[in-house]
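Presented below is the structure to which this report refers.
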Ligand SMILES: C[S@@+](CC[C@H](N)C(=O)[O-])C[C@H]1O[C@@H](n2cnc3c(N)ncnc32)[C@H](O)[C@@H]1O
């Protein structure tokens, strides 16, 4: 596949950025759930760092380059990057002796859309970090790095965002016109199909770009919400949460607070792919072997200590940018008050919904 088929490194979905800063409404203060999942992935990184991987790193110079794609503003990105560095260091010591210092220098690239709050990210970089830090602005659906320059790519809770919305969703003459909804969860089949088709194109672009950027034998760890094969969209927690947000907007439209037309034209640019859809994309690309593919032990919202209010704040930190862009900031407080109320009413459904976070460890073929 030619990389010219893929999107350039520009950012059509800029408004999907997380709430910046570090106040009570920020992503920093409202990403506990994602942080809990990252904790669970740590042993998988240890397993993936092999003697062979270290030998390759030595061969290609002593600087190990690690990129976090869709890093947002922390603190989760710092924890993930430290976990990778710790695993590499501990593997090196287990081979060469505990007293030996590693010969490696670490370079970490924090990458996200240009409108990500990189200022907050850079201001909160860990003081005792053992790596050089750089920011790389751009969409991960295009090329971000020189050929064969990365040893380890990491991306968590980012790859379910689409590069753009399928156009049919806004076309009143299309069967995929998404009237009265902002997502595909309980929409007609054509809507979900339009989303799935965009997901396919995006995954192809993502894998193509990473295949060019990773060194042979380089590793890529992806953590992404996924749908177990055969489970319907409406049983997935992530989708239920989005659907409830849509129903709040429709309720506000009925009360005359927002225009129904605005709800019709608002669609969330994210799609939870099935495990099969993800596997197929990797096969289509052909440059990676799947070293590990595992559904992570379920972290439910209650495991992560999230009440309806906490869940609502977490979703607000993620969605605020999109909602503000579409409906104006004036509706935010009222919308999320209503959302918290609806989460309380539906909490038994939410607690029992399917939570499936998939972790993939891919190796770039030589
Ligand atoms: C929910 S946050 C996850 C942040 C962090 N990885 C974590 O696990 O806490 C998703 C991030 O992905 C970024 N993102 C979404 N689509 C992107 C794209 N096409 N290119 C780069 N970043 C993207 C968003 O801007 C956002 O910062």
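The values are calculated or read from the model by the stated rules, or taken from the named source; none is laboratory data. This is a predicted model, so every value here is computed, not measured. For neighbour counting, all protein chains shown are included, and Cβ atoms are generated from backbone atoms with ideal geometry for every residue, glycine included.
A few notes on this one:
- Some residue of segment 76-90 being within 16 Å of the ligand (Cβ to nearest atom), outside any helix (DSSP H, G or I) and at pLDDT 95 or above: no
- Test: residue in segment 170-182 that is within 16 Å of the ligand (Cβ to nearest atom), more than 16 Å from the chain's Cα centre (by Cα) and surrounded by fewer than 17 Cβ atoms within 10 Å (Cβ to Cβ): no
- Residue tally, condition under 30 Å from residue 259 (Cβ atoms) and assigned to a loop (DSSP other than H, G, I, E, B), over segment 140-185: 21
- Just one of (1) at pLDDT 95 or above; (2) farther than 17 Å from residue 351 by Cα; (3) touching a helix residue (DSSP H, G or I) at 6+ places or on another chain (Cβ under 9 Å) fails for residue 228. It is (1).
- Qualifying residue in segment 117-135 (condition: at pLDDT below 95, within 28 Å of residue 162 (Cβ to Cβ) and surrounded by 13 or more Cβ atoms within 10 Å (Cβ to Cβ)): yes
- Scanning segment 121-153 for residues that are under 20 Å from residue 270 (Cβ atoms) and more than 8 Å from the ligand (Cβ to nearest atom) yields a count of 1.
- Check on residue 73, part of a helix (DSSP H, G or I), modelled with pLDDT of 90 or more and within 16 Å of the ligand (Cβ to nearest atom): no
- Taken together, 222, 244 contain a single residue that is under 22 Å from residue 27 (Cβ atoms), crowded, with 20+ Cβ neighbours inside 10 Å and more than 16 Å from the ligand (Cβ to nearest atom), which is 244.
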